[in-house]
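First comes the structure, then the notes that go with it.
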Amino acid sequence: MKKLLIAAMMMAGLAACSQEAKQQTQEAASAVASDANAAASEAKDAAADAKDVAEKAVSDVKDAAADAKASADKAVSDAKENADKALSNAAEATGKAVEEAAKDAKNAAKDALNKAADATQDAADKMKDAAK
């Protein structure tokens, strides 16, 4: 009877431990997702800033075109190329930031799940040992 009572108490402890591990895993995944969203938002803001800078450069070149048609044509061409490069670089940076954030989130969730599995296995092993 005592062994049955001890086993029941250990089962309750294991269930509580499993629940705690599950909760910690969920909290960790939520925190990582929040960090990923923040990183994506920052990357988006950086891309918007780069776009504003590129658009201002194009505007400045158009103003200069009124003064000298020949040099303005060259300046507009150069500004368009620079704007395209800036937008391309901003898009690439945003994509890389999102990919890195997703990888980090995936790795953190995987680590949390592995830790929860290890904790559950340890608890189960201890329960087996106690039942002997």
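Looking at region 109-125, can you tell me whether even one residue there is part of a helix (DSSP H, G or I), open to solvent by 90 Å² or more (accessible area, probe 1.4 Å) and more than 30 Å from ILE6 (Cβ to Cβ)? Outline the logic, then answer.
The initial filter retains those residues of region 109-125 that are part of a helix (DSSP H, G or I), namely 109-125.
Next cut, open to solvent by 90 Å² or more (accessible area, probe 1.4 Å) only: 110, 113, 115, 118, 121.
From the residues that got through so far, the ones that are more than 30 Å from ILE6 (Cβ to Cβ) too are 110.
Yes, region 109-125 contains a residue that is part of a helix (DSSP H, G or I), open to solvent by 90 Å² or more (accessible area, probe 1.4 Å) and more than 30 Å from ILE6 (Cβ to Cβ).
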Which one of GLU55, GLU42 is more than 30 Å from ALA130 (Cα to Cα), at pLDDT 75 or above and open to solvent by 100 Å² or more (accessible area, probe 1.4 Å)? GLU42
What do you reckon, is THR120 among the hydroxyl-bearing types (Ser, Thr, Tyr) and closer than 23 Å to ALA36 by Cβ? no
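Return yes when LYS74 is loosely packed, with under 14 Cβ neighbours inside 10 Å and over 16 Å from ALA57 (Cβ atoms) and no when it is not.
On the way: loosely packed, with under 14 Cβ neighbours inside 10 Å: yes; over 16 Å from ALA57 (Cβ atoms): no.
The answer is no for LYS74.
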Within region 70-86, can one find any residue that is under 23 Å from the mean Cα position of the chain (by Cα) and assigned to a helix (DSSP H, G or I)? no
If you check every pair at least six apart or on different chains, which have Cβ atoms under 8 Å apart with a residue in region 33-57 that is at positive phi first and a residue that is in a helix (DSSP H, G or I) and of a type outside the set (D, E, K, R) second? none
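Counting only residues that are of a type in the set (Ser, Thr, Tyr) and at pLDDT 75 or above, which one in region 58-100 is nearest to ALA47 (Cα to Cα)? Spell out how you get there, then give the answer.
At the first step, the residues of region 58-100 found to be of a type in the set (Ser, Thr, Tyr) are 59, 71, 77, 88, 94.
Filter once more, so that each one left must be at pLDDT 75 or above: 59, 77, 88, 94.
Working: SER59: 18, SER77: 22, SER88: 9, THR94: 7 Å.
Result: THR94.
The values are calculated or read from the model by the stated rules, or taken from the named source; none is laboratory data. Quick caveat: nothing in here was measured; it's all calculated off a predicted structure. Methodologically, a virtual Cβ is constructed for each residue, glycine included, from the backbone with ideal geometry; neighbour enumeration extends over all protein chains shown. Accessible surface areas use protein heavy atoms only, side chains included; no ligands, DNA or RNA. Shrake-Rupley method; radii C 1.70, N 1.55, O 1.52, S 1.80 Å.
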